[in-house]
Number of protein chains: 2
Amino acid sequence: MSLSTTRRSTVTRLRERARTDRNDLYAVLDAGLICHLGVVRDGAPVVLPTGYGRIDDTVYVHGSTGAGYLRMLDGGPVCLTVTHVDGIVYARSTFHHSMNYRSAVVHGNARLVTDADERWDGLRAIVEQLAPGSWAHAREPSRKELAATAVFALDLTEASVKVRTGPPGDDDADIAAGGRWAGVLPVHTEFGRPRTCPTLPAAAPIPEHVARRGQHEPIPAAGF
Amino acid sequence: MSLSTTRRSTVTRLRERARTDRNDLYAVLDAGLICHLGVVRDGAPVVLPTGYGRIDDTVYVHGSTGAGYLRMLDGGPVCLTVTHVDGIVYARSTFHHSMNYRSAVVHGNARLVTDADERWDGLRAIVEQLAPGSWAHAREPSRKELAATAVFALDLTEASVKVRTGPPGDDDADIAAGGRWAGVLPVHTEFGRPRTCPTLPAAAPIPEHVARRGQHEPIPAAGF
């Protein structure tokens with residue numbers, strides 16, 4: 001299924017980097033740890049990092065009901081952006097220096113989730129995005145914790161994806177001139193060794209869903 | 001020097017995570033590869049990833065003069081956010097799952113830079129932030145390239161910094177109950193092995209400023 005082609009979700013700069021398959025959108029979102037969520041407050045933008053989770057064509061975010069930021073979400077226009085930096089592009093010219101990256105930008109109006117089942121599923125998606133396997137391992141939310149948490153939904157109706165891969169795009173004259181190195185320095189997000197909470201014995205066994213993640217390959221980076 | 005304490009730059013949620021020293025702001029900005037820049041278009045937020053550079057108390061961003069997005073920057077309110085994810089916080093409860101992170105949020109009005117010297121310095125700061133050492137190594141911008149590039153400045157007058165470090169903040173009852181692992185999985189940004197551009201001989205020597213960066217320690221991550 002294709003992505004939307006509304007004015008604001010149509011890539012106008014460097015169109016060759018635009019991806020229009022919905023699976024590319026899912027892939028970028030599913031590989032992320034945080035999003036940057038933009039709202040408008042008093043006519044000015046506010047951009048904050050936060051966790052998120054996806055179920056089909058809906059992205060969920062959450063926060064404390066006491067957070068003023070979240071009150072701005074309900075019904076209002078938001079922009080949710082997830083970016084992976086995959087490489088630093090060293091060109092022969094300063095002008096063609098660039099980055100290899102994957103980014104997804106979602107536009108829409110956030111909806112306060114009130115249905116108990118959808119709230120539960122949304123929270124699970126957020127926890128599982130951050131910490132796969134944790135929902136089954138950790139204590140589930142209590143009634144009090146649920147009451148303190150607001151959950152918002154954003155439909156993936158209007159979204160765009162941009163991906164840059166490959167070597168620098170130097171001018172022919174600079175390539176012909178020679179004498180300067182050019183290439184890409186890959187950038188990865190990697191997990192270190194898990195650190196056990198000081199309130200537990202140091203030898204407490206680390207559960208499989210955490211230990212396995214730390215040993216995993218880094219989040220796959222595009223590149224040439 | 002302290003950071004500002006205007007309404008929108010005062011951290012209201014989880015105040016214990018707020019840092020108010022200007023050096024903490026510099027440290028978070030200087031360690032980043034990209035920012036997420038928010039603007040308002042037709043009343044809705046637009047958040048896009050982009051490179052940036054800092055000189056003293058000014059952050060610079062740039063883009064093609066042909067980019068519609070950039071036209072929105074001139075004089076208008078923007079929010080520039082840089083975030084580092086340092087760890088996944090696995091708690092005994094789903095509710096206390098969290099992230100260790102450092103984030104800087106800058107509010108202000110972007111100014112189109114017209115002074116030739118400031119444009120040059122701003123562009124150099126942007127290239128050096130992304131690729132330290134590249135400005136001296138690569139071909140400098142031509143007059144034509146400069147004409148195609150818009151540079152914007154944002155003062156660091158109104159900014160906030162939040163940092164979370166340390167173990168999960170589980171409830172006493174969950175700690176006492178035992179039976180569940182809790183801790184932190186560190187997250188690092190690391191550089192891989194440089195890949196030489198296919199237009200160069202594979203054996204082309206990789207310059208020191210690139211090779212050294214690839215072998216470097218990862219960007220330092222906070223943690224316990």
Self-check item: Residues that are of a type in the set (K, R) and over 29 Å from B:D74 (Cβ atoms), drawn from region A:20-55
Solution: A:R22, A:R54
Self-check item: Residue count for region A:1-39, restricted to those that are at pLDDT 95 or above and facing chain B (nearest Cβ under 7 Å)
Solution: 5
Quiz item: Filter region A:36-50 for residues that are touching a His at 6+ places or on another chain (Cβ under 9 Å) and closer than 18 Å to A:A159 by Cα; which is surrounded by the fewest Cβ atoms within 10 Å (Cβ to Cβ)?
Solution: A:H36
Quiz item: Would you pick out the residues in region A:137-151 that are touching a residue at least 24 places away in the same chain (Cβ under 8 Å) and touching a Phe, Trp or Tyr at 6+ places or on another chain (Cβ under 7 Å)?
Solution: A:V151
Quiz item: Within region A:145-165, which residues are surrounded by fewer than 16 Cβ atoms within 10 Å (Cβ to Cβ) and within 9 Å of chain B (Cβ to nearest Cβ)?
Solution: A:L146, A:A148
Exercise. Report whether or not A:R139 is surrounded by 16 or more Cβ atoms within 10 Å (Cβ to Cβ) and not small (G, A, S).
Key: yes
Quiz item: Which of the residues that make up region B:28-59 are more than 21 Å from A:V89 (Cα to Cα) and free of Cβ contacts under 8 Å to residues at least 24 places away in the same chain?
Solution: B:D42, B:G43, B:A44, B:P45, B:V47, B:D56
Quiz item: Say we look at region B:81-94 and pick out the residues that are more than 8 Å from chain A (Cβ to nearest Cβ) and in contact with a Lys or Arg (Cβ under 7 Å, 6 or more places away or on another chain); which of these is farthest from B:V47 (Cα to Cα)?
Solution: B:D86
Practice problem: Specify which of the listed residues (A:R124, A:R22, A:R102, A:R71) is crowded, with 17+ Cβ neighbours inside 10 Å and more than 10 Å from the chain's Cα centre (by Cα). | Solution: A:R124
Quiz item: What is the residue count in region B:166-191 for residues that are in a loop (DSSP other than H, G, I, E, B) and either at negative phi or crowded, with 18+ Cβ neighbours inside 10 Å (or both)?
Solution: 8
Quiz item: Would you say A:T6 is out of contact with any Phe, Trp or Tyr (no Cβ under 8 Å at 6 or more places or on another chain) and of a type in the set (S, T, Y)?
Solution: yes
Self-check item: Among (1) more than 7 Å from chain B (Cβ to nearest Cβ); (2) among the small types (G, A, S); (3) in contact (Cβ under 8 Å) with a residue 24 or more places away in the chain; (4) farther than 30 Å from B:E208 by Cβ - the single one A:S134 does not satisfy
Solution: (1)
Exercise. Please find, within region A:170-197, the residue that is nearest to the other protein chains (Cβ to nearest Cβ) out of those that are of a type outside the set (K, R), more than 18 Å from A:V89 (Cα to Cα) and in contact (Cβ under 8 Å) with a residue 12 or more places away in the chain.
Key: A:G192
Self-check item: Single residue of A:V78, A:V61 found to be within 7 Å of another protein chain (Cβ to nearest Cβ) and not acidic (D, E)
Solution: A:V78
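The values are calculated or read from the model by the stated rules, or taken from the named source; none is laboratory data. Predicted model, so just to flag it, every value in this text is computed and none were measured. Methodologically, a virtual Cβ is constructed for each residue, glycine included, from the backbone with ideal geometry; neighbour enumeration extends over all protein chains shown.
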